[in-house]
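A.B. asks: This is the structure I have questions about; it appears just below.
The values are calculated or read from the model by the stated rules, or taken from the named source; none is laboratory data. Everything numeric here is computed off the predicted structure, so don't read it as measured data. FYI the Cβ positions are ideal-geometry reconstructions off the backbone, even for glycines, and counts take in every protein chain you see. To get the accessible areas, we keep the full protein, side chains included, count just its heavy atoms, and leave off ligands, DNA and RNA. Shrake-Rupley method; radii C 1.70, N 1.55, O 1.52, S 1.80 Å.
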Amino acid sequence: MGARRSWREFRSALARYLALVALVVLGVGIVVGFAAGSLASLEGIVSARESGRLADGEFTTLAPLSDPQTDAVVALGVEVESAPTLDVRGDGRVVRVLPLPVDLNRPTLAWGRLPEASGEVVVEQLHAAARGLGAGDRLALAGRTFTVVGAGSLPHYSLSVPTPDAPVADPAGFGWALVTGTAFDALSDADPNAVVHGYAFRLEGATEGRLRAHLQGLAVDPDAVRNPLLARALRHAEAWDAPIRYPLLATFLPATDNLRVTSASDDALITTRVAAVAGVLMLGLVGFVLAAFSRDRITREGTVIGTLYALGFSRARVTRQYLGLPLAVTGAGASAGVVVGHLIAPALTGMSTGYYSQPALDFAPRWPVVAAALVVPVGLVAAVNLGVLREGLRQTPLALLRPQPSEGGASGLRLRGWPFGLAFRVRQAVRAAGSLALLAAGLMLSILLLVFGVGGRASVESYVAAAERATTAHHTYALQLPDLDRPPPDAHLAVALPMRVVGPGGDALLLGVDAGARHVAVDVEHLGPLDVAVSGDVAAKFGVGVGDPLTLQEAHGDLSWAFTVAAVGPGGDGLVAYTRREHATALLDPAQVAFIAALGSDGWLATGTPPPPRPQPAASGFYNAVLADAEVAFDPDRGVTHTSRADVLAGVRQFRGLMDTTTGTIVGAAALMAVLVLGVLTKMVIGRQRYAIALMKAFGWSDREVDRLYLDVYAVVVAGAVAVGLPVSHLVLGPVWRTMISNVSAGVPFVLPVPDAVVVAALVLVSYAVVRWASGRNLRRVPVTEVLKFRE
Amino acid sequence: MPPHVSVRDVNRTFGQRENPLRVLDGVCLDIEAGSICLVVGASGSGKSTLLNVIGGLDRPDAGTITIGGHTITGFDDRRLTRFRRDEVGFVFQFYNLIPNLTVRENVAVCAQLVRDPHDIDALLADLDMADQAHKFPAQLSGGQQQRCAIARALVKRSRLLLCDEPTGALDYATSGRLLAVLERVNQRLGTTIVIVTHNAALAGMAHQVVEIRDGRIVRDEANPTPSAAADLEW
């Protein structure tokens, strides 16, 4: 009988229950989608690391390690594998070619097979997808044509971006290609200077520090250097017995310091945590909305319950009858939500972590997720409803059979002298305080999500605009071996030192520039040796301001310097700490500076003049970075890395593109949730006050007047939720946002400009307008004859 | 002088087609302005339905109803609302006060509807409710609640007061005091009052007594010498 009554109750309030089911599906679906996606991602990352034997780190050298040098490294207790790379440019794209790894950092194929012949290639899966490359397609690399035989991912994810400081991956513009060792040798023979001598290592007894110290002690062997300029310099130096020793090690990056490696799993973990918090909030809200329904139903059916008691039904049996429907609704919604969540998980995962080029993920249901998604909402709703039911059913059968009108907590309010309309609305608000509080909570949650979505997009948009303003140099060059005697005309020279920020962690570039230099938005003229002016990006990402300490450690060494932030720039120019050029030069190894100075076109190598007995750094003349308005034709043997303004802006625009789908989904879901919560609760309150509404109509109040009397209070709640929710959400989301985008090599402060705040407010108000319109219709449908049926 | 209320050939049927229940069947009735009309009948006789169609709360299936010269049976919802606002006051058996409003606020609900309502405080004083003005319905006795309901019905100066079993939930003494209030309202304000009751003993105070049975009027008598409400006994 209980089931029949519940079924009839369900049918009689079908729209209301369907809205509730939708709310549960939405809440559970999004939470399950994020949770299932990030778990699949985490498992995929771990699995790919294990199956691909992720290296403990990578290092690059200026020349290949000689056999004795390799043996010495192995003797330390290190497995080391040569992993050279070669960047091939063309059609506005860069393809980084690698020989097929043997033991470390092995690829996971998305499809196809590994290259077996020298004319075969496996392409990074996102790059292949972006270029529409499939099995059997041709790929031209440095004048040779390869046949695509597969696509996949690498477990270290380092190669998802062309340079470590690129903000985000652009699969269309950059990707890697694996070829056989023979094919790689052929390509590198054609362009030996373009080869980067990389190595992957795995510690098997040695410590990371010991390996690094050992590598730092190695000098470049002139016979092994393929760069003719460098080789010539080294041979000359040897011939003259010059006290110059050029270090072999160029970069050293342990996997634990590789943001691209750690961020993939960090992102998935953060997503899981955010999903868990959002899930508790959303499901809690759903639980309380359902509890409000139960309370309402008990109030409406008080006489039925009283009759059941009077007939001898036990309290437990009645409780079971009334608990059945909310549990069934929640169970059905949660089940559908689990299905929906698993369906959208791939898309949600692709949005948040897809740019790491992860291997294909297994989105099969994880039973803990499914169990939690079913048990948590049902348990929560059961607990909350049980409490409400117990409170409601505690009354005696007589009290239930003959309910006495209650002032609904209004007796404490003395509103003498208040205008009628205001007093009426205040009393209505007090009477429906619980529902209104629930409504406010639901709206605040929706606003939080809306601010996250809209603000996130605005923040990225604002960063793109800032980057467009700040990136005034059309061409940026980094040179390993600059010609200090012939600086390019009209170019701005700088000293660039890759650094790591001690404390928060993360990369930053220490850039020594001349006072008043073009392309630099900060003034470095009065900076002391240990002062820096940081970009707005650094300030936003690492949370530093004027007067704060900023300790920077050389990216590939152990030295660190404690700087003080003397100024903060406008931002958009990347993670850069600016200093004077001479201060930056003073931080360099003097021998290295002297060596580079010797390589100049007018330097001692060219003139044949022996070097000074004690080489001193050519402080003011030193540079290894060039910012220029027009392209500069550098000798490629000088180890040039070129970044154009278009490249930088394409990267940040790509970041914006990545965010669009995420923010769109969040905004849509939040707006839908606002409509559902508003609609469900408004409908419930109207349903509860059908009699009073009919009574007002019986006295001659028009539909419009009744509408205003009963629904205006919602406008106040909505306005209040917007007024409080906007600043609170902005406050809460600042640090959350910083954590969420920690993997992005840019400082993107969370902003919510006034127009975007207006958009959020407008979205909420439009949701309210929709609900108000629907509720108005609902209210008009309350027949005046209702007054003849019941009494309050 | 035309009657204040004129009901002609009114039918009202409830229920579905296969099982219809005709509650009013060709009802014709005239009620003079300023009179007290008592409609008596057993439960289910149709007396409350008659009151509801006269008050514009319900619509008859057939027939015409004219109130104060307005034929309300042709009114749309908007005009019917306007009619209830301007012409009618209701008093229900179970008072039907809004529980979270004070007595004064309950009366103000109707005072808001017209340009020139009675003074609420004066009206409450007249009904011996001045001391209860700021109490809530739950804090009042049944008689006090019904007097509040009467004040609410009268405050907008309605010329027609429709009372559905106004003493049905009250004890004898309280009922007597309430009837005296209605009598005083009729005499002082000239309000036409229609009282629906199953208590035939109230007939003595009415100017007109109508008996209804199975949806038909079986008796419609004038009472030229009504008794004082205080003299009624049952």
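A.B. asks: Round to a whole number: what % of the accessible area of region A:1-150 belongs to carbon and sulfur, probe 1.4 Å?
C.D. replies: 55 percent
A.B. asks: With a/c under 1.5 counting as rounded, go ahead and sort region B:78-122 into rounded, prolate or oblate using the C-alpha gyration tensor (a ≥ b ≥ c being the square roots of the eigenvalues; past the cut-off, prolate if a/b is larger than b/c, else oblate).
C.D. replies: On the way: a/c = 2.03, a/b = 1.25, b/c = 1.62.
Here region B:78-122 falls in the oblate category.
A.B. asks: Using a probe radius of 1.4 Å on heavy atoms only, what accessible surface per residue do you get for region A:422-573? Whole Å² is fine.
C.D. replies: Averaged over the residues of region A:422-573, the accessible area is 37 Å².
A.B. asks: Let me ask something else about it. Can you give me the distance in nm between label points at residue A:567 and residue B:22, each placed 7 Å from the Cα along the Cα-to-Cβ direction?
C.D. replies: 9.9 nm
A.B. asks: Further question: Per-residue Cβ counts within 10 Å, from other chains only, averaged over B:152-158: what number is that?
C.D. replies: 1
A.B. asks: Please list A:214, A:127 from largest to smallest accessible area, probe radius 1.4 Å, with all protein chains kept in place.
C.D. replies: A:214, A:127
A.B. asks: Using protein chains only and a probe of 1.4 angstrom, how many square angstrom of residue A:335 are accessible, to the nearest 10?
C.D. replies: Counting only protein heavy atoms, residue A:335 exposes about 50 Å² to solvent.
A.B. asks: For every other residue with a beta carbon closer than 12 angstrom to the beta carbon of residue B:81, add +1 if it is Lys or Arg and -1 if Asp or Glu, then tell me the sum. Intermediate results must be reported in sequence, preceding the final value.
C.D. replies: Values: positive: A:697, A:704, A:780, B:78, B:79, B:82, B:84, B:85; negative: A:703, A:705, B:76, B:77, B:86, B:87.
Value of the local net charge: +2.
A.B. asks: Another question about this same structure. Count the lysine pairs in the protein assembly as shown whose Cα atoms lie under 30 Å apart, taking only pairs 8 or more positions apart in sequence or on different chains.
C.D. replies: The number of close lysine pairs in the protein assembly as shown is 12.
A.B. asks: Calculate what fraction, in whole %, of the accessible area of chain B sits on carbon and sulfur atoms when a 1.4 Å probe is rolled over the protein chains. Walk me through the intermediate numbers first.
C.D. replies: Details: 4450 of 9920 Å².
Carbon-and-sulfur percentage of accessible area, whole number: 45.
A.B. asks: Please report the spacing between the Cα centers of region A:619-650 and region A:192-235 in Å, no decimals.
C.D. replies: Comparing the Cα centres of region A:619-650 and region A:192-235, I get a distance of 24 Å.
A.B. asks: May I pose another question? Hey, can you grab everything whose amide H is under 5 Å from the amide H of residue A:97? Only 5+ residues off in sequence or another chain; H modelled, so Pro and N-termini drop out.
C.D. replies: A:86, A:87, A:88, A:177
A.B. asks: Which of the peptides A:576-589, B:103-116, A:69-82 is most tightly packed, and how do the rest follow, going by the mean number of other Cβ atoms within 10 Å of each residue?
C.D. replies: Ranked from most to least packed, the peptides come out as A:576-589, B:103-116, A:69-82.
A.B. asks: At a probe size of 1.4 Å, how large is the accessible area of residue B:135, to the nearest 10 Å²?
C.D. replies: Surface open to solvent at residue B:135 totals about 80 Å².
A.B. asks: Oh, and also: Which value at 222 nm does chain A reach when only helices count, each DSSP H run of 4 or more adding -39,500 (n - 2.57), with the total divided by all residues and rounded to the nearest 500 deg cm²/dmol?
C.D. replies: The helix contribution divided over chain A gives -18000 deg cm²/dmol.
A.B. asks: Please determine, in degrees from 0 to 90 and to the nearest 10, the orientation of helix A:2-12 with respect to the longest principal axis defined by the Cα atoms of chain A, where the helix direction is its Cα long axis.
C.D. replies: 80 degrees
A.B. asks: Continuing with the same structure: For region B:96-172, just say rounded, prolate or oblate: build the C-alpha gyration tensor, square-root its eigenvalues into a ≥ b ≥ c, call rounded for a/c under 1.5, and beyond that prolate if a/b exceeds b/c, oblate if not.
C.D. replies: Details: a/c = 1.67, a/b = 1.23, b/c = 1.36.
Taking the square roots of the gyration eigenvalues as a ≥ b ≥ c, region B:96-172 is oblate.
A.B. asks: Find the centroid of the Cα atoms in region A:555-584 and in region B:15-55, then give the distance between the two in whole Å.
C.D. replies: 92 Å
A.B. asks: Oh, and also: Mind listing the long-range amide H neighbours of residue A:569? Cut-off is under 5 Å, sequence gap 5 or more, other chains count too, H placed in the peptide plane at 1.01 Å from N.
C.D. replies: A:534, A:535, A:536
A.B. asks: Which Cα, out of B:89, A:484, A:732, lies furthest along the positive dipole direction of the protein assembly as shown (beta carbon charges, K/R +1, D/E -1)?
C.D. replies: B:89
A.B. asks: With a/c under 1.5 counting as rounded, go ahead and sort region A:20-159 into rounded, prolate or oblate using the C-alpha gyration tensor (a ≥ b ≥ c being the square roots of the eigenvalues; past the cut-off, prolate if a/b is larger than b/c, else oblate). Mind dumping the intermediate values first?
C.D. replies: Details: a/c = 2.73, a/b = 1.46, b/c = 1.88.
Verdict is oblate for region A:20-159.
A.B. asks: Antiparallel versus total DSSP beta bridges in the protein assembly as shown: what percent is that, nearest 5?
C.D. replies: Antiparallel bridges make up about 70 percent of those DSSP assigns within the protein assembly as shown.
A.B. asks: Now a separate question. Residue A:82 label point, 7 Å along Cα→Cβ, cut-off 17 Å on backbone N: hits in region A:210-233?
C.D. replies: A:221-227
A.B. asks: Another question about this same structure. From other protein chains only, count the Cβ atoms within 10 Å of every residue's Cβ in A:690-699, then give the mean.
C.D. replies: On the way: counts 0, 2, 7, 0, 2, 6, 4, 6, 10, 15.
Rounded to a whole number, the mean comes out at 5.
A.B. asks: Another question about this same structure. If you roll a 1.4 Å probe over the heavy atoms of the protein chains, what accessible area per residue do you get for region B:143-234, in Å²?
C.D. replies: About 41 Å² of surface per residue is accessible.
A.B. asks: Still on this structure, please answer the following. Charges at C-beta only: +1 for Lys and Arg, -1 for Asp and Glu. How large is the resulting dipole of region A:486-581 about its Cα centre, in Debye rounded to 20?
C.D. replies: Dipole magnitude for region A:486-581 comes out near 120 debye.
A.B. asks: Mind ordering A:481-492, A:499-510, A:415-426 by average Cβ neighbours within 10 Å, highest first?
C.D. replies: Highest-to-lowest ranking by the protection proxy: A:499-510, A:481-492, A:415-426.
A.B. asks: While we're on this one: Only protein chains counted, 1.4 angstrom probe. Which residues of region B:85-105 are at least 50 Å² less accessible in the assembly than when their chain is isolated?
C.D. replies: B:85, B:96, B:98, B:99, B:100, B:105
A.B. asks: Relative to the longest principal Cα axis of chain A, at what angle does helix A:315-353 sit, 0 to 90 degrees, rounded to 10?
C.D. replies: In chain A, helix A:315-353 runs at an angle near 20 degrees to the longest axis.
A.B. asks: Then there's this: Expected output is a single nm value to one decimal: the length gained when fully extending between residue A:145 and residue A:770, i.e. 0.36 nm times separation in residues minus the C-alpha distance. What is it?
C.D. replies: Details: separation 625, 0.36 × 625 = 225.00 nm, distance 5.96 nm.
219.0 nm is the gain from fully extending residue A:145 to residue A:770.
A.B. asks: With a 1.4 Å probe and all protein chains kept in place, how do A:230, B:189 rank by accessible area, largest first?
C.D. replies: If we order A:230, B:189 from most to least accessible, we get B:189, A:230.
A.B. asks: How much length would be gained if the chain were fully extended between residue A:235 and residue A:303, taking 0.36 nm per residue of separation minus their Cα-Cα distance, in nm to one decimal?
C.D. replies: Working: separation 68, 0.36 × 68 = 24.48 nm, distance 10.29 nm.
Full extension of this stretch gives 14.2 nm more.
A.B. asks: Can you list residues whose amide H is under 5 Å from residue A:141's amide H, if they're 5+ apart or on another chain and H is modeled 1.01 Å from N?
C.D. replies: Distant-sequence amide H within range of residue A:141: A:146.
A.B. asks: Next up: To the nearest 10 square angstrom, what accessible area does residue B:234 show with a 1.4 Å probe?
C.D. replies: 120 Å²
A.B. asks: Place a +1 charge on the Cβ of each Lys and Arg in chain A and a -1 charge on the Cβ of each Asp and Glu, then give the dipole magnitude about the Cα centre in debye, rounded to the nearest 20.
C.D. replies: Values: 65 positive and 66 negative charges, 1443 e Å.
Rounded to the nearest 20 debye, it is 6920 debye.
A.B. asks: At a probe radius of 1.4 Å, figure out the B/A buried accessible area, summed over both chains, and give it in Å² to the nearest 100.
C.D. replies: Approximately 2600 Å² gets buried when B meets A.
A.B. asks: Loop only by DSSP, 11 or fewer other Cβ within 10 Å of the Cβ. Give me the GluC sites (Glu not before Pro) in region B:1-98 that pass, ordered by residue number.
C.D. replies: Listed in order of number, the matching sites are B:18.
A.B. asks: Hey, if you put +1 on the Cβ of every Lys and Arg and -1 on every Asp and Glu Cβ in the protein assembly as shown, which of B:227, A:441, B:34 ends up farthest toward the positive end of that dipole?
C.D. replies: The Cα lying farthest towards the positive end belongs to B:227.
A.B. asks: Based on the Cβ-Cβ distance from residue A:546 to residue A:280, what FRET efficiency comes out when R0 is 45 Å, to the nearest 0.05?
C.D. replies: Once rounded, the FRET efficiency stands at 0.70.
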